[in-house]
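Working notes, beginning with the structure itself.
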Amino acid sequence: MIYRRRASPLHTARAGAGCAYCLALGIAALMASNPIVLGAVAIAVLAAGAAAGVGRSLLRAAVWGIPVALVIMLVNALVTRNGLTVIVRLGNVPLLGYTDITLEATAYGAILGLRAVALILCGLLYTLAVDPDEILRLFRRVSFRSALTATLATRMVPILIRDGRRLAEAQRCRPGDPPSRLTLMRAACTGVLDRALDVAAALEVRGYGAARRPPAYRAPYSRHDAAFVAAALAVVALSIAARVSPAAAFSAYPALSVGAGPVALLLAAGVVVVALAPFANRRGLAR
């Protein structure tokens, strides 16, 4: 699950436009309470991933996210006492007391689980389709040292994991009780900090400590950048409309009420169409 350059409009667009697009889909998932609109957001993310060439990874994540959604639904159904329609009477349950599972609590838990899956897919789409090096360049324009620190930190994390694994294997070869995880973490962190000091000294010798902010390079905006920014704004506008529209309202308590009329269907279809519109123009793709 790493970024790879692909011949797709989302990969071709600059990092700022890609971030805005993925963030807009995440905002739509957070704002949507109507299951029709929320399902449309999840479908839009999956379809966008397929159009960007990362559909298999997103589909695999969606399959792995189904148990998470089921757990969220089950927990909400067990701990929530609201709702008028009782579907299961469990009686007196240890730690929970007298428990009745209601249709409203189960439905709302399913909404929360679907929202969690949609957010996972949005984050994965960002990871697979937005160039992390360009993201660091965006931070470099604000602070050169911050971008350098972020780059070094991402390089040190795998070293920390590898050192911890080696220390654990070495400790298992010694007699006596195995050390605690806190001891292993302290030793691994100490080694990583020593390495960081060495890296900092090497960078200072090479003049990184006295480096000035590099000159800003402003690449011309492409049609893909404009398309994804416009799609992001449209997705946010549609999600706001779905949130405030009475015809697309959703209420779980005390009785289940879902706006499933033409307005809700139109807003859901609009989210999918707007999210996929930037992928229609495939001219000028960087291969």
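The values are calculated or read from the model by the stated rules, or taken from the named source; none is laboratory data. Computed from a predicted model, the values in this text were never measured in an experiment. With ideal geometry, Cβ positions are generated from the backbone for all residues, glycine too; neighbour counts draw on all protein chains shown.
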Taking region 1-33 and keeping residues over 19 Å from L59 (Cα atoms), in contact with a Lys or Arg (Cβ under 6 Å, 6 or more places away or on another chain) and in the same structural domain as V272 (by TED's automatic domain parsing) leaves M31
Residue hits (region 45-77; more than 24 Å from D131 (Cβ to Cβ) and free of Cβ contacts under 8 Å to residues at least 24 places away in the same chain) are V63, W64, P67
All conditions in (1) buried (at least 19 other Cβ atoms within 10 Å of the Cβ); (2) of a type in the set (S, T, Y); (3) in contact (Cβ under 8 Å) with a residue 40 or more places away in the chain are true of T127 except (1)
Per the filter on region 48-81, residues out of contact with any helix residue (DSSP H, G or I) (no Cβ under 6 Å at 6 or more places or on another chain) and farther than 26 Å from A24 by Cβ are P67, L70, V71, L74, V75, L78, V79, R81
- request: For region 252-263, state whether one or more residues are at pLDDT 90 or above, at negative phi and of a type in the set (A, V, I, L, M).
  value: yes
(message) Whether any residue in region 106-121 is surrounded by fewer than 17 Cβ atoms within 10 Å (Cβ to Cβ) and among the hydroxyl-bearing types (S, T, Y) is what I want to check.
(response) no
Restricting region 210-240 to residues that are surrounded by fewer than 16 Cβ atoms within 10 Å (Cβ to Cβ) and outside any loop (DSSP other than H, G, I, E, B), the one modelled with the lowest pLDDT turns out to be A210
Taking region 241-268 and keeping only residues that are surrounded by 14 or more Cβ atoms within 10 Å (Cβ to Cβ) and part of a helix (DSSP H, G or I), one is left with A241, A242, R243, A247, A248, V263, A264, L265, L266, L267, A268
*Examine region 191-208 for a residue that is part of a loop (DSSP other than H, G, I, E, B) and either at pLDDT below 85 or in the same structural domain as R166 (by TED's automatic domain parsing) (or both), and state whether such a residue exists.*
yes
How many residues of region 76-102 are part of a loop (DSSP other than H, G, I, E, B) and either of a type in the set (A, V, I, L, M, F, W, C) or closer than 17 Å to Y253 by Cα (or both)? The answer is 8
For region 51-73, check the following and say yes or no: at least one residue is assigned to a helix (DSSP H, G or I), over 15 Å from the mean Cα position of the chain (by Cα), modelled with pLDDT of 90 or more and buried (at least 23 other Cβ atoms within 10 Å of the Cβ). no
Scanning region 139-190 for residues that are at pLDDT 70 or above and either polar (S, T, N, Q) or in the same structural domain as C19 (by TED's automatic domain parsing) (or both) gives Q171, S180, T183, T190
